[in-house]
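The values are calculated or read from the model by the stated rules, or taken from the named source; none is laboratory data. In this text the structure is predicted, and so the values were computed from the model without any measurement. Cβ atoms come from the backbone with ideal geometry, glycine included; neighbour counts cover every protein chain shown. To get the accessible areas, we keep the full protein, side chains included, count just its heavy atoms, and leave off ligands, DNA and RNA. Shrake-Rupley method; radii C 1.70, N 1.55, O 1.52, S 1.80 Å.
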Amino acid sequence: MAALLSLSALALLGAGASAQTFTGTAQGGFPDCVNGPLSNNTVCDKSADPVARARALVAAFTVAEKLNLTGNNSPGVPRLGLPVYQWWQEALHGVASSPGVTFNATGQFDSATSFPQPILMGAAFDDALIQSVAEVVSTEARAFNNYGRAGLDFWTPNINPYRDPRWGRGQETPGEDPYHLSSYVHSLIMGLQGGEDPEIRNITATCKHFAGYDIESWNGNLRYQNDVQIPQRDLVEYYLPSFRSCARDSNVGAFMCTYSALNGVPTCADPWLLNDVLREHWGWTNEEQWVTSDCDSIQNIFLPHNFSDTRQGAAAAALNAGTDLDCGTYYQHHLPLAYSQGLINQTTVDQALVRLYTSLVRTGYFDGPNAMYRNLTWSDVGTTHAQQLALQAAEEGMVLLKNDGLLPLSISNGTKIALIGSWANATTQMQGNYYGVPTYLHSPLYAAQQTGAQVFYAQGPGGQGDPTTDHWLPVWTAAEKADIIIYIGGVDISVEAEGMDREDINWTGAQLDIIGELAMYGKPMVLAQMGDQLDNTPIVNNPNISSLIWGGYPGQDGGVALFNIITGKTAPAGRLPVTQYPAHYIADIPMTDMTLRPNATTGSPGRTYKWYNGTAVFEFGYGMHYTKFSADISPLSKSSYDISSLLSGCNETYKDRCAFESIAVNVHNTGNVTSDYAALGFIAGQFGPSPYPKKSLVNYQRLHSIAGGSSQTATLNLTLGSLSRVDDHGNTYLYPGDYALMIDTMPELTMVNFTLTGQPACLDEWPQPPSGGPTIPPSDYFYGGYGSRGEFPVLAASEVLAPGS
Ligand SMILES: O=[N+]([O-])c1ccc(O[C@@H]2O[C@@H](CO)[C@H](O)[C@H]2O)cc1
């Protein structure tokens with residue numbers, strides 16, 4: 001691979017580095033814009049417009065070269081000195097092992113900062129924190145890129161809402177609420193890309209999976225073949241807001257479509273979704289913005305979706321719909337035939353490539369060794385700041401679910417702690433999925449030992465469903481010796497992961513057995529439930545278990561974060577970013593039921609805190625503190641608002657973005673422990689189409705270090721979108737009615753009431769999908785009239801790639 005590097009890339013090697021540090025990398029370095037064949041091409045002219053630069057590059061390709069550049073494994077164009085480029089890299093919660101990322105075995109670039117999984121960072125409800133985390137991730141990614149160890153685009157974030165507790169990939173998301181996801185992802189993209197429209201983008205982020213993907217494998221329904229049925233209203237109000245935030249409000253560089261079909265059409269072949277909604281309705285029209293398939297999802301369009309009769313038809317359907325890049329080989333293999341058969345034209349191919357290469361121009365790929373960010377090195381990876389931030393992110397996310405006053409624990413030298421459970425000595429477990437090599441992994445056991453306590457460790461029940469009690473004896477021995485029992489367990493990626501949805505949201509029998517027996521010792525007992533949510537009812541109901549913390553997947557410093565919370569070095573202020581359902585929930589509703597509202601006909605109890613009509617074990621937003629808080633909301637400027645006046649005062653193209661009111665929430669720490677407080681503002685009311693959601697999150701802000709006896713003010717900026725609801729057709733309206741804005745300080749609920757008067761007014765008219773099933777009947781459009789499509793250029797014999805070449 002080193003031989004593929006250009007001279008300018010080699011020149012980037014710092015003192016002490018050598019060419020062999022590149023061994024094994026999938027990246028080919030940077031183009032040589034000084035001495036290479038492209039040096040006279042406009043793509044190398046830094047003063048030219050980025051799109052013009054990409055167009056000039058694409059104009060230099062032959063058709064065969066163009067078609068060969070459409071896969072994630074891009075071979076480049078050797079005759080032009082365009083290096084190989086791997087488009088696929090991951091960075092879900094830190095630079096992660098993936099096709100385009102290479103960690104060194106030892107020495108420089110042997111690790112990167114591993115932050116908590118998004119589900120835990122989401123629980124912090126702290127957008128400033130998310131931006132800081134994303135800035136570290138993109139800085140480290142850039143440093144890796146400078147040394148040929150990563151590309152410039154990363155296929156993160158996963159921003160599908162966490163709709164069903166069984167989803168194996170829910171951990172990759174910030175939670176279940178669409179407003180929360182939208183706000184979180186905006187901050188994340190600002191951090192990853194370096195702002196809304198920076199001259200040189202830090203890295204290109206990719207919002208995935210667009211849209212309606214949240215089933216891995218449930219009851220025979222595999223992600224590769226699912227055709228999810230989502231009514232337009234649910235789509236607009238629940239499944240799409242986070243993606244709208246990416247495209248319309250954050251200017252993200254890339255999108256990824258899904259394996260699954262949505263309402264009859266595989267999303268990667270859906271021109272309504274990729275063009276009418278994404279590009280036209282959301283104005284995602286910059287020529288640097290591209291859509292990639294999920295990995296091998298172009299192939300799925302052919303089989304198992306059967307959306308096209310032929311392989312080249314499937315490839316053409318995707319390209320024509322607006323999928324610019326294939327994560328896979330299907331484009332490279334089948335587009336040549338599609339092209340020669342007139343199923344695609346050169347304009348579409350050029351457009352895809354111009355989008356892809358403009359994004360590389362925008363990241364400085366063609367700007368030589370002095371380009372912005374090229375000075376970043378290994379010394380910018382795993383810095384003290386990054387390490388502190390990884391710890392802070394884990395601490396901020398942890399949620400205190402139960403506490404009879406035992407916590408915070410006072411641990412002194414010699415305190416005897418029994419540390420038990422399958423997570424008690426967790427290391428890689430703490431990273432969840434999509435991880436890289438972390439700077440370090442500080443397990444709970446490590447952290448407990450740092451406190452000076454005498455620690456008796458026993459693992460107890462191993463993996464899920466571990467049938468053996470052979471190694472349980474040390475559990476009882478440890479418990480007998482201890483003053484305090486701390487059990488750390490739950491679920492991990494052995495039961496919830498990509499390709500694997502959970503079959504159960506109960507604790508395993510073996511864990512419950514051990515926990516129950518440990519509680520019978522009657523010693524002070526703390527429980528930390530790790531991974532995603534389980535039904536914690538048995539823990540809540542057990543009077544001998546004093547305290548319960550949800551710790552998610554806390555990343556490289558997860559053990560220290562947990563012990564800092566347990567000992568009170570840091571006060572907990574995370575809030576659940578999902579509903580914790582009772583275990584029977586999964587029998588109440590099939591995972592494939594994508595609807596949100598309770599339904600008497602199907603028996604659905606509804607989904608998420610907005611709609612679930614049963615009793616949650618813990619509600620979305622639940623989280624206790626070591627102190628007491630109260631809140632009051634400053635009076636609004638009016639008690640009644642006329643809808644037409646609200647709209648006439650709104651000059652934005654996108655009316656939902658117009659300001660409504662800036663609400664001051666005064667938060668008082670009435671206890672005596674300094675603590676953060678995440679203020680969550682909800683709107684409730686009976687207006688618009690029924691059934692009404694119970695409440696909807698409309699804004700939030702985390703306040704930091706509020707000392708006992710003092711107050712801070714959160715400013716919740718509300719928009720017209722905060723007040724809106726969606727009709728059956730997906731149109732977004734302001735409706736007259738009675739509204740309540742609520743802040744929940746548990747157990748108190750503080751609210752202000754106001755009314756909207758006048759006629760309903762549309763804020764956003766939804767582009768309706770073509771009615772009657774698939775947007776474009778494949779047999780009519782893509783391969784019905786091959787021979788007759790004379791307007792498409794036919795590939796010259798010399799340009800046609802032989803299948804398999
Ligand atoms: O072949 N593989 O090794 C492989 C690995 C992961 C994989 O998952 C897909 O690839 C990720 C690309 O970012 C998407 O988020 C996920 O749905 C798809 C294929």
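Which residues, taken from the range 250-304, are away from the ligand (no atom under 16 Å from the Cβ), touching a residue at least 60 places away in the same chain (Cβ under 8 Å) and closer than 12 Å to Y224 by Cα?
Answer for the range 250-304, where residues must be away from the ligand (no atom under 16 Å from the Cβ), touching a residue at least 60 places away in the same chain (Cβ under 8 Å) and closer than 12 Å to Y224 by Cα: there is none.
Would you check if there is a residue in the range 698-712 being among the small types (G, A, S) and crowded, with 19+ Cβ neighbours inside 10 Å?
The answer is no, given that none of the residues of the range 698-712 is among the small types (G, A, S) and crowded, with 19+ Cβ neighbours inside 10 Å.
Is there any pair with a first residue in the range 144-158 that is in a helix (DSSP H, G or I) and a second that is open to solvent by less than 10 Å² (accessible area, probe 1.4 Å) and within 13 Å of the ligand (Cβ to nearest atom) whose Cβ atoms are under 7 Å apart and which are 6 or more apart or on different chains, and what are they?
N145/G151
Scan the range 96-110 for residues that are open to solvent by 40 Å² or more (accessible area, probe 1.4 Å) and within 16 Å of the ligand (Cβ to nearest atom) and jot them down.
S97, P99
Go through the residues of the range 633-649 one by one and say whether even a single one is aromatic (F, W, Y), open to solvent by 30 Å² or more (accessible area, probe 1.4 Å) and modelled with pLDDT of 95 or more.
Scanning the range 633-649, I find no residue that is aromatic (F, W, Y), open to solvent by 30 Å² or more (accessible area, probe 1.4 Å) and modelled with pLDDT of 95 or more, so the answer is no.
Okay, residues lined up against (1) surrounded by 23 or more Cβ atoms within 10 Å (Cβ to Cβ); (2) over 14 Å from E176 (Cα atoms); (3) basic (K, R):
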{"position": "A573", "(1), (2), (3)": "yes, yes, no"}
{"position": "T579", "(1), (2), (3)": "yes, no, no"}
{"position": "T592", "(1), (2), (3)": "no, yes, no"}
{"position": "A600", "(1), (2), (3)": "no, yes, no"}
{"position": "G606", "(1), (2), (3)": "no, no, no"}
{"position": "K610", "(1), (2), (3)": "yes, no, yes"}
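Matching residues to (1) surrounded by fewer than 21 Cβ atoms within 10 Å (Cβ to Cβ); (2) within 30 Å of N542 (Cβ to Cβ):
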{"site": "G368", "(1), (2)": "yes, no"}
{"site": "N375", "(1), (2)": "yes, no"}
{"site": "L401", "(1), (2)": "no, yes"}
{"site": "D404", "(1), (2)": "yes, yes"}
{"site": "S412", "(1), (2)": "yes, yes"}
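Checking the structure you have, find out if any residue of the range 72-95 is closer than 30 Å to I119 by Cβ, aromatic (F, W, Y), crowded, with 20+ Cβ neighbours inside 10 Å and at pLDDT 95 or above.
Among the residues of the range 72-95, at least one is closer than 30 Å to I119 by Cβ, aromatic (F, W, Y), crowded, with 20+ Cβ neighbours inside 10 Å and at pLDDT 95 or above, which makes the answer yes.
For (1) assigned by the TED database to the domain that holds G432; (2) within 16 Å of the ligand (Cβ to nearest atom); (3) closer than 26 Å to G405 by Cβ; (4) not aromatic (F, W, Y), each residue gets a yes or a no:
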{"position": "Q450", "(1), (2), (3), (4)": "yes, no, yes, yes"}
{"position": "P474", "(1), (2), (3), (4)": "yes, no, no, yes"}
{"position": "I484", "(1), (2), (3), (4)": "yes, no, yes, yes"}
{"position": "S494", "(1), (2), (3), (4)": "yes, no, no, yes"}
{"position": "M500", "(1), (2), (3), (4)": "yes, yes, no, yes"}
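For the range 399-432, give me each residue that is more than 15 Å from I486 (Cβ to Cβ) and touching a helix residue (DSSP H, G or I) at 6+ places or on another chain (Cβ under 7 Å).
Passing the criteria: M430, Q431, G432.
For the range 111-135, what are the residues that are open to solvent by less than 10 Å² (accessible area, probe 1.4 Å), closer than 21 Å to H385 by Cα and either in the same structural domain as L576 (by the TED database) or part of a helix (DSSP H, G or I) (or both)?
P118, L120, M121, G122, L129, I130, V133, A134
Can you name the residue in the range 166-180 that is away from the ligand (no atom under 16 Å from the Cβ) and open to solvent by less than 10 Å² (accessible area, probe 1.4 Å) and is also farthest from D234 (Cα to Cα) among such residues?
Filtering first and then ranking leaves R166.
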